[in-house]
Structure formats: C-alpha cells, structure tokens
Amino acid sequence: MTRSLASVRNVDRLDQKDVLTLAIDSASLHVVAYELSSSPTEVWQGREQSLPDGTTKLQARKLDLVAQRVRVGKSVVVGPDLRASFAEAGLGGTEDLLSMLDDALDGHAELSDIRPGARLRLVATQEQVDGEFVRWVSLDAVEYFPASGNARPVRVYSLADSDGAREATKRGFYDAKGRQPVRGGWRSPVPFARIASRFNPHRMHPVLHVIMPHNGVDFAAPIGAPVYATAAGTVTSVGNDGPCGNKVEIAHAAGISSVYCHLSRFAPGLRVGTRVEQRQLIAYVGQTGRVTGPHLHFGIRRNGVFVDPMTLRLDGVRVVPHAQREEFERRRLRLDGELDEIPLPAAGSAPPEVNEPETFYEEP
C-alpha cells in the first residue's frame, strides 16, 4: 500500500487529521483497496488492479474533487440550547458559524444574552464538495429578533464579499447606516447613546446660568434605558446625592472611580460593597436631581480628581470608509433582498413593526 501511495503522494509525513480507510481480503489478509483523506478536496484512493501476467497490484490516484462556494439563507428559532437550535435548522459546522455570529453581533448583542424565542435570519457562504458541506467561508448578513417583543430587531452586514471574508470579519460588521460599534478598554455605560454634553471645566450651567465645571459626559437616553458598569469594580455609593440625583459610584483598579448620576432607579440588590463586572446592569436612566431632561451624567475620578471620561478610550462608533460607501450601499441593498426572501419562523409573539433596523449614533 505504501509503495502505491508514494507514487502519487509524499508518504514521509502524515498528519494527525489524515484519515486512512482500508479494505482487507478476509482470506489472504492483504489490502485490496484503501482511501486516504487529508481534507474534503484532498483524497487519494488505491484499488487492486489485474496485470497482464495474472498478478495484481494496488494502483493509486488522487480524486479530482472541486470545492464550490454556495450561498445559504437560513432562519433559526432559538430554543433552550443555542447550538442545538442551529443544528436543528440544518446548519452544519455549528461551532464555526456561532463564532462568526458572535463577531457579527459584537456590540449589538452577546450570544449569552440570546434567549429562547429569539429568531435569526442568516445569509452566509459555505464551501461544498459534491454537494456535501465542508466549511463556512463567511457570514454575510444577520437579522436578529430578540425574544422580547419590545426590543427592536438588529440587521448587520459584513463589509466585503466572501472572497474577502477573513479580512472583512476582522473589520467587523456594519448596520444599515454603515456604522460599527468599537470596543475600547472601558465600556460605554449606555451603549450607542448620543453624547449630549462633553467634559468641560468652563461650561455655562444650563439651569443656574453661571460658569460651573461639567465634570463628566452626558449621554442622551430616555428614562428607563439600562445603565451598565463601565468596568469591573466595587460599589462605594448608592443613593440620592442632591444635584446629582440618584447616584451610583464604583471603585475600580488604579485609583479610578466611575460616577453615574440622575438615575431613575437602581438594579435590584445593588448596595455598597457589591462586586460588579464590566457591563453589568447597575441602574436606569432618569432625570433626578438638577437637570433639564432625562440623561445619564457619567463621571470619572482618578485619585479623587475628575478627568475627562473620554480619555479612558470608551466604546465608540466606526463608519464605513468614504471610498467604500457606495460599494457598501449596493451590497447592503442586495443582502437586504436576500434576507427578506428568507421565511421568518413563527415565534410566541410577532416581531415588532419597525421601519428600519437599529442604528448607532456618533458626535458630528
């Protein structure tokens, strides 16, 4: 067998992933056929052939297998187990596809937060050989309907076609407005909220009409919007603090503390001494204290002194490069058409009626 295989392949080095299958004659116990597979497109076979002198010899050849890229549109209803839900939808290579989905929804939703009843529509590209699935090449577009009937659906698109999928995945996915959330070292306390007022030690106060330092950043958000811890730490203050209204303060490493003001209410069980993790729910946006409207005032102290929170590299938004915007818009419209053609699976409640997917905001 080794001699015949050596005529078509180097046999000095075999990989652990190589699979060898033998057919052995039960009477003589010699190999009459074999197959060595290194990948779905790299397969060698040897078969016993009769020679003119009446003897037999194993003749080897490499199979002529061609991988094809196939576009796939699928919908998934999420059950108790996310992986099982994808498998039940007929999506092979579940682990790789879920990894791509995690990249696609990064900044929009966490896989761990996808609950039973959520629905997804996916447009992806897979590689097949002889009609059989080999691997996922790219995830091109995703529409995610959260399980909550009040939450808006999210629709995102990769920047490049499947030929540039690996590179595109590194650049992330963009929403319908061509915007991509970017994670900094410190998470935004109100994801995707617009910055209404920046750190300014010489600001004119909007209520008192006197020069008064603005020792933080104001995030515009409606009453009841969730507020998350910007980083892991320990709660040092929970309660009303006069002009700051309902306030939470958290101590972090390196002498840094984060402050959250004008809150409507606190997360259940939050108290002084509570250990919180990054992006853990701590409270809800309100308009308590000395304010003109609902928003979150977010401050950062370093060794007791207020500093500009934006110096901590908070989460932000990246936009599609100007040179690629026309190409992205054409691609988005094409992918929208593909997503719309995928039947939306039934759920416990109908999806919310919206005119457009969720979008993100940035300072002009």
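Readers should treat all values here as calculations from the given coordinates under stated rules, not as data from a laboratory. Keep in mind the model is a prediction, meaning the values are calculated, not measured. Every residue, glycine as well, gets a Cβ built from its backbone with ideal geometry; the counts of neighbours run over all protein chains shown.
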Worksheet entry | Cα-based shape type of the range 194-314, given that a ≥ b ≥ c are square roots of the gyration tensor eigenvalues and the cut on a/c is 1.5 | oblate
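Based on other C-beta atoms within 10 Å, arrange I211, I300 from fewest to most. Spell out each step's value before the answer.
Numbers: I211 10, I300 24.
Neighbour counts put them in this order, fewest first: I211, I300.
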Worksheet entry | Radius of gyration, Dmax [the range 2-62; alpha carbons; angstrom] | 12.4, 38
Worksheet item: How long are the three semi-axes of the equivalent ellipsoid for the chain, computed from the Cα gyration tensor as the root of 5 times each eigenvalue, in whole Å, largest first?
Response: 57, 22, 19
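Could you quote the convex hull projected area for the range 1-157, Cα atoms only and averaged over all directions, in nm²?
Numbers: hull surface 52.3 nm².
Computing the convex hull of the Cα atoms and averaging its projections yields 13.1 nm².
Sort H262, H297, H214 so the one with the fewest other Cβ atoms within 10 Å of its own Cβ comes first. Before the final figure, lay out each step's value.
Numbers: H262 26, H297 23, H214 19.
The fewest-first ordering by Cβ neighbours comes to H214, H297, H262.
Would you mind ranking L98, L5, L120 by Cβ crowding within 10 Å, fewest neighbours first? Don't skip to the end; give the middle numbers.
Working: L98 16, L5 19, L120 26.
If I rank by nearby Cβ atoms, fewest first, I get L98, L5, L120.
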Worksheet entry | Spin-label pair R115/A251, simplified geometry with 7 Å Cα→Cβ offset, distance in nm | 3.5
